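The structure under discussion appears below in the form of structure tokens.
FYI, it's all coordinate maths here, none of it is from the lab. Computed from a predicted structure; not experimentally measured. Glycine also receives a Cβ, built like all others from the backbone with ideal geometry; neighbour counts cover every protein chain displayed.
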């Protein structure tokens, strides 16, 4: 039952992702690429690239697209429901008890403690992408593109979508 | 009809103008909710944000759900969430659809190669930001230790990160629980003395 598998994959990834949508990216990758084999890492990377080039929340863009690829409109709906509904319902229900939670040292320590794990998961993903780039297009292009990414995104604060479209353009001309 | 329309406009606007995922759209949502449509006060917005941050999952949809629910109940929540996420999902399907239909073309495979290092860099930068947040919250030694432990378990022992996250979450819960109990005890012992002296 593919719909159940889609639901479970996105439910787990979002349940464990503390720190908003971006924190769930490596967890979605683990479910989609490693556990279920629905996509290769490169395919996942393409989806992530386009998702980063477009505005709006990242987790729902990933869920909507991957769900659609696997099971059409219904697949997209299932993936989105698994991504959004559990936490959305929880916020509405728990707000009645907000004062029990807001200043809780438990919740604060829990949130803090997950940050380094998410950092490592993201760093491992970054490494995998650099490795793929190294194998497919060589050291020169990798270093050049990474350096230009640093300069444009961090130093000169160029809009991320422009950097991604620039890289697509560069690749279409020099790496084809 | 007007409240639904306002919810739809407010959340569609924040959905198509916020770049960098949910967390970066929060200030935009605050502008719509507090300044523009006055659905709530700044204090209330801050309180919901704090609560939403304590729960897992995407942040923007949690905020949309609560604000929509507050304004117009379940239907309001549905309107806010859908208008926030659908435009970008449809754009994504269209763009990737075009890219995929030319999948065999060498130009498209070149484009994919061109963008791979950029995605790698963006992920590395995000990793650095999460690492910094961890350092601010836990202090450098604990943060570094937890990062090293997760690297060993996830990358070399190939554990599912979910197991590690669950263990760390329950340990943090237990430690904080112990601390709260210790504090309570301390204040209980302190209180009677104060009552006598007053």
So the angle from the long Cα axis of helix A:160-174 to the longest Cα principal axis of chain A, reported in degrees to the nearest 10, equals 40 degrees
Gyration tensor on Cα atoms of region A:1-100, a ≥ b ≥ c root eigenvalues, a/c under 1.5 rounded, else prolate if a/b beats b/c, else oblate, says prolate
For region B:7-81, shape from the Cα gyration tensor axes a ≥ b ≥ c, cut at a/c of 1.5 then a/b versus b/c, turns out rounded
Here the alpha-carbon Rg of region A:12-160 over 2.2 N^0.38 Å rounds to 1.20
Region A:126-174 and region A:1-52 have their Cα centres apart by a whole-number Å value of 23 Å
In Å, the Kirkwood hydrodynamic radius from C-alpha pairs for region A:113-176 sits at 13.1 Å
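Compute the relative contact order of chain B as a whole-number percentage, counting only Cα pairs closer than 8 Å that sit 6 or more residues apart in sequence.
This gives 16 percent for chain B.
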Contour minus Cα-Cα span, residue A:73 to residue A:134, at 0.36 nm per residue, comes to 18.4 nm
Here the alpha-carbon Rg of region B:91-198 over 2.2 N^0.38 Å rounds to 1.91
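Viscosity 1.306 mPa s, temperature 10 °C: what is the translational diffusion coefficient of region A:16-62 from Stokes-Einstein with a Kirkwood Rh over Cα pairs, rounded to a whole number of µm²/s?
146 µm²/s
For chain B, go through all pairs of different Cα atoms, get the mean of 1/r, take its inverse, and jot down that Kirkwood value in Å.
21.1 Å
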Taking N as the number of residues in region B:109-153, the ratio of its alpha carbon radius of gyration to 2.2 N^0.38 Å works out to 1.55
Taking Cα pairs closer than 8 Å and at least 6 residues apart, the relative contact order of chain A in percent is 23 percent
The FRET efficiency for residue B:125 and residue A:5, from their Cβ-Cβ distance with R0 = 35 Å and rounded to 0.05, is 0.65
Of the convex hull enclosing the alpha-carbon atoms of region B:69-120, the direction-averaged projected area in nm² is 5.2 nm²
Averaged over all viewing directions, the convex hull of the alpha carbons in region A:70-155 casts a projected area in nm² of 9.9 nm²
The extension gain from residue B:179 to residue B:38, computed as 0.36 nm times the residue separation minus the Cα-Cα distance, is 46.8 nm
Sorted largest first, the Cα spans of region B:47-95 on the principal axes come out in Å as 37, 24, 11
Rounded to one decimal in Å, the inverse mean reciprocal Cα-Cα distance for the protein assembly as shown, i.e. its Kirkwood radius, is 21.7 Å
Rounded to the nearest 10, the angle in degrees between the Cα long axis of helix A:58-94 and the longest principal axis of the Cα atoms of chain A comes to 40 degrees
